[in-house]
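The values are calculated or read from the model by the stated rules, or taken from the named source; none is laboratory data. Quick caveat, the model's predicted, so the values are computed rather than measured. Here Cβ is always computed from backbone atoms with ideal geometry, including for glycine, and neighbour counts include all displayed protein chains.
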Amino acid sequence: MDENGFVRQRIFPVLLAIVLGTSLIFASAGRPEAAVKRVIITQAVESLAFVSNYVARANGYFAAEDLAVEVISTRGGGPDIKANLAGKAEFSIAAGTYQINAVKAGGRLVAVMSCLNRSIVNSAIRKDVAKRLGITANTPYKEKLKKMKGLVVGATRPGALTYNQGEYWIRQAGFTPQKEVKLIGAGAGPVLIAALERNKIQVAIQTIPVPETAVFRGNAIPFITNSAGDDPKMDQFMMEVLLVRPDYAKKNPETVRKVVRAILKANKWISEHSAEQIRERIQLYFAKTDKRLLRTSIAAVKKAVSLDGKVTQRAVDITQSLLVAAGKLKKPFPRSVLVTDDYLPR
């Protein structure tokens with residue numbers, strides 16, 4: 001046998017086996033990669049209102065459902081919904097007020113589950129202003145509202161839930177926004193706190209833990225705290241719901257169910273663990289937040305997580321009543337227009 005024949009008989013089969021084996025390895029590695037569904041979820045700001053989302057990511061619940069999730073924070077409510085409507089995101093976790101406003105304007109988004117079913121939009125008032133007005137953290141709700149006359153109240157941005165909440169409180173007091181009480185969009189998070197500390201605003205409205213941060217720093221006291229039940233009419237709320245376009249849900253029903261399952265699993269884990277354990281798990285998303293502040297804020301949010309994911313009729317009614325009272329909605333929508341239970345676990 002010549003040298004070339006030896007190569008063909010002995011070496012070529014070995015090389016072929018190596019090539020085939022390598023191909024099988026890459027094919028095996030490629031199958032899970034191909035099975036992963038990439039989705040974008042938008043949210044308004046970095047806030048504990050999205051604790052379900054943070055835990056689902058930190059605990060790997062999205063990954064366990066073969067989902068590669070990218071979360072985009074839009075630094076205020078409104079742009080998050082617009083991205084979803086425009087097809088630039090598959091899902092949004094947002095307050096029902098944003099969904100209702102979008103539907104009112106002709107957009108189509110449906111809530112497929114409740115993430116948080118109670119309002120955690122709270123507020124803080126400057127200490128010196130509270131002292132001048134005779135307000136303490138324990139002053140009755142309606143009395144606090146009456147004391148708002150002449151103040152500048154800051155929310156994140158016009159159209160945001162925090163802004164609608166401010167309009168609601170001002171009208172509940174019998175005042176008109178921008179007349180007896182000035183309401184402005186002062187920004188989110190640190191920007192809002194800075195505006196309060198510099199006396200650009202006297203009351204700051206946002207979700208936990210922003211007002212709590214102002215209190216923690218010693219510059220403010222709690223004003224109206226929805227998460228503690230200050231307003232007895234707000235016992236349920238579409239605080240955070242998972243929103244999706246109906247056409248996307250129809251074409252991708254299993255993907256919707258996977259996201260729902262991951263978030264429900266996160267909520268169950270939240271309900272079964274202490275505020276400290278939850279803090280440890282999600283501290284990486286709140287690197288600049290004091291551990292003690294984050295822990296106490298989580299304890300308040302825990303009460304709002306939904307364990308069954310169902311958006312109740314009462315939550316729909318109360319959410320729409322806030323918009324009606326704020327002058328943003330004339331006629332409420334039926335639940336069937338806003339909510340579907342089709343993607344919840346049977």
Notebook entry, point to check: Looking at THR162, THR139, which is the one that is in a helix (DSSP H, G or I) and among the hydroxyl-bearing types (Ser, Thr, Tyr)?
Noted result: THR162
Checklist line | Among (1) assigned to a helix (DSSP H, G or I); (2) under 26 Å from the mean Cα position of the chain (by Cα); (3) not aromatic (Phe, Trp, Tyr), the one test that GLY187 misses | finding: (1)
Checklist line | Which numbered condition LYS288 misses (of (1) part of a loop (DSSP other than H, G, I, E, B); (2) surrounded by 13 or more Cβ atoms within 10 Å (Cβ to Cβ); (3) modelled with pLDDT under 95) | finding: (2)
Next item on the list: Out of the residues in the stretch 80-101 that are out of contact with any helix residue (DSSP H, G or I) (no Cβ under 7 Å at 6 or more places or on another chain), in contact (Cβ under 8 Å) with a residue 24 or more places away in the chain and not charged (D, E, K, R), state the one that is farthest from LEU323 (Cα to Cα).
Entry: GLY87
Check: Inside the stretch 221-236, can you point out the residues that are part of a loop (DSSP other than H, G, I, E, B) and either surrounded by fewer than 19 Cβ atoms within 10 Å (Cβ to Cβ) or in contact with a strand residue (DSSP E or B) (Cβ under 8 Å, 6 or more places away or on another chain) (or both)?
Finding: GLY229, ASP230, ASP231, ASP235
Next item on the list: Taking ALA220 as meeting all but one of (1) touching a Gly at 6+ places or on another chain (Cβ under 8 Å); (2) at pLDDT 95 or above; (3) of a type in the set (Gly, Ala, Ser), write down the number of the exception.
Entry: (1)
Item checked: Residue within the stretch 197-204 that is surrounded by fewer than 24 Cβ atoms within 10 Å (Cβ to Cβ), under 17 Å from ALA137 (Cα atoms) and among the polar types (S, T, N, Q) present -> no
Next item on the list: Mind telling me which of the residues GLY150, GLY218 ends up being surrounded by fewer than 18 Cβ atoms within 10 Å (Cβ to Cβ), assigned to a loop (DSSP other than H, G, I, E, B), at positive phi and touching a strand residue (DSSP E or B) at 6+ places or on another chain (Cβ under 9 Å)?
Entry: GLY150
Check: farther than 27 Å from LYS258 by Cα, free of Cβ contacts under 8 Å to residues at least 24 places away in the same chain and assigned by TED's automatic domain parsing to the domain that holds VAL191: does that describe LYS147?
Finding: yes
